[in-house]
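Read the figures in this text as sums done on the coordinates, not as results from a lab. If you're wondering where the values come from, they're calculated on a predicted model, not measured in any experiment. Here Cβ is always computed from backbone atoms with ideal geometry, including for glycine, and neighbour counts include all displayed protein chains.
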Amino acid sequence: MLEQKKITVKEAAKTIGVSASLIYSWCHERRLKHFRVGSKGRRGKILIDPGDLEAFMRQCLVEEHPLLRR
């Protein structure tokens, strides 16, 4: 579980090319697995396992419908 270094919200956002506020929203909605270290609010910190971020992104993939392929 702790084999891989966890990344911050800003690092996760930069990795996948979205805003940090979108990452926070996904965490708040519990769509993206994350660790909350410390208390809620400004003193707490959200950390994300890169493997969980990758798995989440795979779930977001929208593939082309087979009938629409040329």
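The fewest-to-most ranking of Glu63, Glu54 by surrounding Cβ atoms within 10 Å reads Glu63, Glu54. Note that region 10-19 has calculated 3J(HN,Hα) couplings of 4, 5, 4, 4, 5, 4, 9, x, 10, 7 Hz, one per residue in order, obtained from phi through the Karplus relation 6.51 cos²θ - 1.76 cosθ + 1.60 (θ = phi - 60°); glycine and proline are x.
Using the Karplus relation 6.51 cos²θ - 1.76 cosθ + 1.60 with θ = phi - 60°, the per-residue 3J(HN,Hα) values for region 46-60 come to 9, 10, 10, 6, x, x, 5, 5, 5, 5, 4, 5, 4, 5, 7 Hz, with x marking Gly and Pro.
Charge dipole (Cα centre; +1 on Lys/Arg Cβ, -1 on Asp/Glu Cβ; no other charges) of the chain amounts to roughly 380 debye.
Ranked for footprinting exposure by Cβ neighbours inside 10 Å, fewest first, Lys6, Lys33 give Lys33, Lys6. Other residues lying with their Cβ under 12 Å from the Cβ of Ile7 contribute a combined charge of +1, Lys and Arg counting +1, Asp and Glu -1. Shown here are the Rg and Dmax of the Cα trace of region 8-64, at 11.6, 43 Å. Placing +1 on the Cβ of each Lys and Arg and -1 on the Cβ of each Asp and Glu in the chain, which of Gly44, Thr15, Ala55 has its Cα farthest towards the positive end of the resulting dipole? Farthest towards the positive pole: Gly44.
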